[in-house]
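Colleague: One structure follows; several queries about it will come next.
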Ligand code: ZN
Ligand code: ZN
C-alpha cells in the first residue's frame with residue numbers, strides 16, 4: 001500500500017532530545033533555536049531526513065514551528081492541528097501556541113528580552129520569512145543568528161540519509177512541450193526581470209522545466225535538487241548522480257551542466273563574484289541563497305519563480321492526460337462506491353474502505369495499462385465525527401466503524417503518469433437525517449454555483465470564493481477552509497499560485513486546474529465535503545453578451561449520492577446541471593466498468609425527478 005495507518009510521532013523522546021539541543025545551545029553561545037517543519041525546498045512533503053520538527057517534538061503535521069529556549073519550548077501550529085499537537089507532543093516540554101494568532105514573529109516581540117541570541121538554519125527559512133522574523137527581532141533588540149550547520153543534525157544519531165529515488169524522464173506525450181523549449185521560455189523570463197540568472201528551488205518547477213519526475217518525498221513524484229538557470233549560457237542542475245539512471249543522465253546532460261548538490265554554495269558564490277544579478281523568489285528561496293549572493297558581491301532580484309505560471313496553465317497534452325486520468329479514477333470510485341453500497345452498516349471501518357479504494361485504483365490502472373504510481377495524499381476517510389476533522393488521517397488508533405445513521409466522508413486522490421486526481425464524496429451509512437440532507441444539498445448548491453460560473457478575464461480566485469458559500473451563508477452556515485487549490489499535472493496535488501479562497505490573488509487563467517470543494521462540518525457530529533477538479537476554459541462569447549467569458553470544465557466523474565439530496569432546495573438550473581453531469585458520468589465511465597458496477601452506476605446517474613411547477 002502507498003498509505004500506512006501507523007500512529008505517527010513519538011512524544012516520549014521530546015524531553016531528552018530537547019535537553020540535548022539545550023546543551024548544544026549552551027556550548028555555542030545561543031539562547032534559543034527555531035525549528036520549522038520545512039526543508040530547503042519548502043514543499044508540503046519533506047523526506048524523512050528533514051523531519052526535524054517531528055523528530056524533536058513528536059508532532060507530525062505538515063506545518064508548524066518550534067522555538068526552544070533554555071527554560072521553555074513553544075510549538076506553533078495552525079487551526080488544523082490544535083487538537084493533534086496536544087496528542088502528539090509532551091506537554092511538560094512544549095507549550096502549544098497559534099501559528100496564525102500569535103506567530104513566531106509576534107511571539108518574539110513579547111517573549112524575548114533585549115540582547116537575546118536566537119539561532120536559525122538559513123537553509124530552512126525563506127527570504128520572506130527571515131525578513132518578517134528579523135524585523136520583529138530588531139524591534140525587540142533580539143539578534144537572529146544564522147547557523148552554518150543545523151544542530152539537530154548533530155544530535156540526531158540515526159538520522160536517515162537523503163533520499164536517492166531514481167529520476168525518470170516524463171514523456172513528451174504527457175508533458176506536451178519539450179524541456180528545451182520550456183527552458184528557453186524561462187531564460188527569456190529571467191531577462192525580462194532584469195536578472196542574469198534564477199535559482200529554481202522548488203522541485204515541482206525543476207520537474208516541470210526539465211520534464212523529469214522522481215520519488216524523493218511521499219505522494220508527489222519529485223526529485224529533490226536545485227537548478228540555476230541562465231538568461232544566456234548554460235544552465236546548472238544540482239542533483240545527486242546516484243539518482244540518475246544512465247538514460248536520465250544522458251538526457252539531462254543535453255539540457256544543463258550537471259553538478260553535485262554539495263557544490264551549490266561554491267557555484268552560487270562564483271557566479272555572484274562575476275557580478276551576476278540572481279533572481280530569487282522571496283516566498284520560496286532559502287535565506288542562505290540570498291546571503292551567498294550578496295556576500296560574494298552579486299545582487300538579488302526579488303521575483304516570483306518563473307515556472308509557476310507556465311506550470312499552472314496546462315497545455316493540451318496535460319489536459320488530455322488529466323481527462324484520461326479522471327475517467328480512470330472515476331471508474332475506480334464507481335467500483336468502490338458500488339461495493340460500499342452493498343455492505344451492511346457496522347460491518348466496515350475506515351481502514352477497510354481506504355484499503356479497498358487503493359486496490360480499486362490499482363486494478364483499474366492495470367486494466368488500462370496506466371499503473372497507479374502513488375496516492376496523491378493520505379486518504380481522508382472520516383466516519384461520523386471523524387468527518388468533521390478537516391485534515392483527518394486514519395490510523396489504527398482512530399479507525400472508526402461505519403455506523404448506521406452516520407455520514408462517511410471520503411477524500412482521496414491518485415498519481416498516474418498522465419495526471420493527478422483529488423476527489424471527495426460524502427455518503428450516508430444507512431438512513432441520513434433531514435438535517436444531513438439539507439446541509440449536503442446546500443454544499444452541493446455551492447459546488448454547482450462554481451461549476452456554472454462564467455467570469456471575465458482578470459477574475460481572481462478571491463473574487464469567486466463567496467459563490468461556493470452563498471447557499472450556506474443564507475442558512476447561517478459556512479466552512480473554515482478555502483474553496484479550491486491548484487493541482488499539478490502528475491505533480492503536487494496542492495500547487496500554487498492559483499486558488500479559490502479569500503487569499504486567492506492570482507488571476508484565473510485558461511488551462512489552470514483547481515479543486516472545487518465546499519463543505520460543512522459539525523464538530524462532534526459529521527462532516528460533508530464535495531470535491532471535483534475543474535479546468536479554466538478559454539474565454540467564449542455568450543449569446544447576446546458583450547464580453548467573452550471564462551468558465552470551468554469539470555474533470556472529476558463520480559456520481560453524487562441521491563439519498564443525500566433534498567431536491568426541493570435545488571432550482572431548475574441546478575437540477576439540469578446535476579442531470580447533465582450524471583449523464584456524462586454514465587457515458588464516460590459506463591463503458592469502463594461492467595457487471596454489478598454498471599448496474600449501480602446506471603441507477604446512481606439516472607435523471608432526478610423534476611417538479612415541473614418550478
Ligand atoms: Zn481532496
Ligand atoms: Zn483538494
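Colleague: Can you give the FRET efficiency to the nearest 0.05 for residue 91 and residue 12, using r as the Cβ-Cβ distance and R₀ = 22 Å?
Modeller: Result of the calculation: an efficiency of 0.95.
Colleague: What FRET efficiency comes out for residue 434 versus residue 260 if R0 is 56 angstrom and r is the Cβ-Cβ distance? Round to the nearest 0.05.
Modeller: For residue 434 and residue 260, the calculated efficiency is 0.30.
Colleague: Can you tell me the relative contact order of the range 289-374? Whole percent, Cα pairs under 8 Å, sequence separation 6 or more.
Modeller: It comes to 25 percent, rounded to a whole number.
Colleague: Calculate, in whole percent, how much of the Cα-Cα pair population of the range 413-543 lies beyond 26 Å.
Modeller: 25
Colleague: Could you work out [θ]222 nm for the chain from helices alone, using -39500 (n - 2.57) per DSSP H run of at least four and dividing by all its residues? Round to the nearest 500 deg cm²/dmol.
Modeller: When only DSSP H runs of four or more count, the value is -10500 deg cm²/dmol.
Colleague: While we're on this one: Relative contact order for the range 444-563: what percent, with Cα pairs under 8 Å and sequence separation of 6 or more?
Modeller: 27
Colleague: Cut-off 17 Å, label point 7 angstrom out along Cα-to-Cβ of residue 70: give me the residues of the range 20-50 whose amide nitrogen falls inside.
Modeller: 20-34
Colleague: Hey, another quick one. Could I get the Rg over Rh figure for the range 149-274? Both from C-alpha atoms, Rh via Kirkwood, rounded to two places.
Modeller: So for the range 149-274, dividing Rg by the Kirkwood Rh gives 0.99.
Colleague: What does a probe at residue 562 reach in the range 421-437, counting residues whose amide N is under 20 Å from the point 7 Å along Cα→Cβ?
Modeller: Residues 425-434, 436-437 fall inside that zone.
Colleague: For the range 525-572, treating each Cα as an identical point scatterer without solvent, what Debye log10 I(q)/I(0) comes out at q = 0.15, 0.27 1/Å?
Modeller: Debye intensities relative to I(0), on a log10 scale: -0.69, -1.03.
Colleague: Give me the compactness ratio for the chain, meaning the Cα radius of gyration over 2.2 N^0.38 Å.
Modeller: Rg over 2.2 N^0.38 Å, computed on Cα atoms: 1.00.
Colleague: Using the Kirkwood radius built from alpha carbon pairs, what does the Stokes-Einstein equation give as D for the range 158-197 at 37 °C and 0.692 mPa s, in µm² per second?
Modeller: Here the translational diffusion coefficient equals 248 µm²/s.
Colleague: At q = 0.11, 0.18 Å⁻¹, what base-10 log of I(q)/I(0) does the Debye formula yield for the range 2-138 when every alpha carbon is treated as an equal point scatterer in vacuo?
Modeller: Once normalised to I(0) and log-transformed, intensities are -0.38, -1.06.
Colleague: What would the Debye equation give as log₁₀ I(q)/I(0) for the range 67-192 at q = 0.10, 0.18, 0.22 Å⁻¹, counting only Cα atoms as equal point scatterers?
Modeller: Rounded to two decimals, the profile gives -0.56, -1.07, -1.35.
Colleague: Take 49, 338 and order them by how many other Cβ atoms sit within 10 Å, fewest up front.
Modeller: Ordered from fewest to most neighbouring Cβ atoms within 10 Å, 49, 338 come out as 49, 338.
Colleague: Moving on to the next point. Among 425, 323, rank each residue by its count of other Cβ atoms within 10 Å, from fewest to most, as a rough exposure measure.
Modeller: If I rank by nearby Cβ atoms, fewest first, I get 323, 425.
Colleague: Report the Cα centroid-to-centroid distance between the range 44-110 and the range 530-593 in angstrom, as an integer.
Modeller: So the separation of the two Cα centres works out to 41 Å.
Colleague: Test of understanding: ordering 50, 105 by Cβ neighbours within 10 Å, fewest first, what list do you get?
Modeller: Least crowded to most crowded, the residues run 105, 50.
Colleague: Report the label-to-label distance for residue 193 and residue 181 in nanometres (one decimal), using points 7 Å from each Cα along the Cα→Cβ vector.
Modeller: 2.3
Colleague: Calculate the FRET efficiency for residue 242 and residue 576 from the Cβ-Cβ distance with a Förster distance of 56 Å, rounded to the nearest 0.05.
Modeller: The calculated FRET efficiency here is 0.50.
Colleague: Given 0.36 nm per residue, what is the gain on full extension from residue 253 to residue 270 after removing their alpha carbon distance, in nm?
Modeller: Roughly 4.0 nm would be gained on extension.
Colleague: Can you compute the equivalent ellipsoid semi-axes for the range 230-362, i.e. the square root of 5 times each eigenvalue of the Cα gyration tensor, sorted largest first and rounded to whole Å?
Modeller: 47, 18, 17
Colleague: What percentage of all Cα-Cα pairs in the range 484-614 are separated by more than 18 Å?
Modeller: Considering the range 484-614, 67 percent of its Cα-Cα pairs are separated by more than 18 Å.
Colleague: Relative contact order, percent, of the range 1-85 when contacts are C-alpha pairs under 8 Å separated by at least 6 residues?
Modeller: Relative contact order of the range 1-85: 32 percent.
Rule-based calculations on the coordinates, nothing more; no lab input. Everything numeric here is computed off the predicted structure, so don't read it as measured data. Backbone-built Cβ (ideal geometry, glycine too); neighbour counts: all protein chains shown.
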